[in-house]
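The values are calculated or read from the model by the stated rules, or taken from the named source; none is laboratory data. Just so you know, these numbers come straight off a predicted model, no measurement behind them. Note that we place each Cβ from the backbone using ideal geometry, even for glycine, and neighbour counts take in every protein chain shown. These area figures cover heavy atoms from the full protein model, side chains too; ligands, DNA and RNA do not enter into them. Shrake-Rupley method; radii C 1.70, N 1.55, O 1.52, S 1.80 Å.
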Amino acid sequence: MTPTTARTGLDAVILDYNGVIGLQPTRGQWLHLARTANWPEDDLAGFQRAFWSAREPYDAGQLSDLAYWAKVLGSHPSPSLLRELRATDTAMWTATDGRVLGILNRIRETGLPMVLLSNAPLHLSDVLDSQDWRRLMTQTLYSARLEVCKPNATAYQHALQTLGDTHPRRVLFIDDRADNCHAARCLGLRTLHYTDQPADLEAALLPTA
């Protein structure tokens, strides 16, 4: 047991990507995607509703790229438009928070295992796994590969299985969504509802002696 795990009482961390490691898309990025989709310029809110309406089955691997964007647009995009939509969508989710990555680098040095558990479609999952920060993770689990999204209990159970015999009470789950944290607590995990305050991560994972 490392000094950090002894002080925190933790054997591992399970954390979300978007809203923790990953930055939320900007309004400009949303507008760019809406324009790519040929959505009316003055109806960004309508585009976002359409975008999210079918996102869960897409994230769960139940819809192909084509099927997802057909639901968003109300018609099948051409092959070239589909490629552009997927690339623009994916690019919105790849920016990361350097403050959080700095903390995770320090955690990695302590030897504390970190498992990523993220709701993400297949293509985005592959892109995220190609990023430099991937080396910080002991394992990365994505909903499209698991075929289940948080807050379904099965998603958390997959993450716990990667940790072997570790007891849930010795695992901290970190997510920016309260419903995901609630589901984790119901399974016995400790939780941190992350609200863009890196100091909270430091307090939970890197306490002073």
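The stretch between T162 and E84, if pulled fully straight at 0.36 nm per residue, gains 24.6 nm over its current Cα-Cα span. Taking every protein chain into account, the 1.4 Å probe leaves D65 with about 40 Å² of accessible area, to the nearest ten. Across the alpha-carbon atoms of the range 107-209, the computed radius of gyration and Dmax are 13.6, 42 angstrom.
May I ask for the angle, rounded to the nearest 10°, between helix 44-53 and the longest principal axis of the chain, with both axes built from Cα atoms and the value confined to 0 to 90°? Approximately 60 degrees, to the nearest 10.
Roughly how many percent of the accessible protein surface of the range 62-209 is carbon and sulfur, given a 1.4 Å probe and a whole-percent answer? So the carbon and sulfur contribution to the accessible surface is 49 percent.
Among the GluC sites (Glu not before Pro) found in the range 84-152, those both in a DSSP coil and sparsely packed, with 16 or fewer other Cβ atoms within 10 Å of their Cβ, are E147.
Rolled with a 1.4 Å probe across the full set of protein chains, the surface gives W39 an accessible area near 50 Å².
Using heavy atoms of the protein chains and a probe of 1.4 Å, the accessible area assigned to D129 is about 50 Å². Per residue, the chain exposes an accessible area of 47 Å² to a 1.4 Å probe, with every protein chain left in place.
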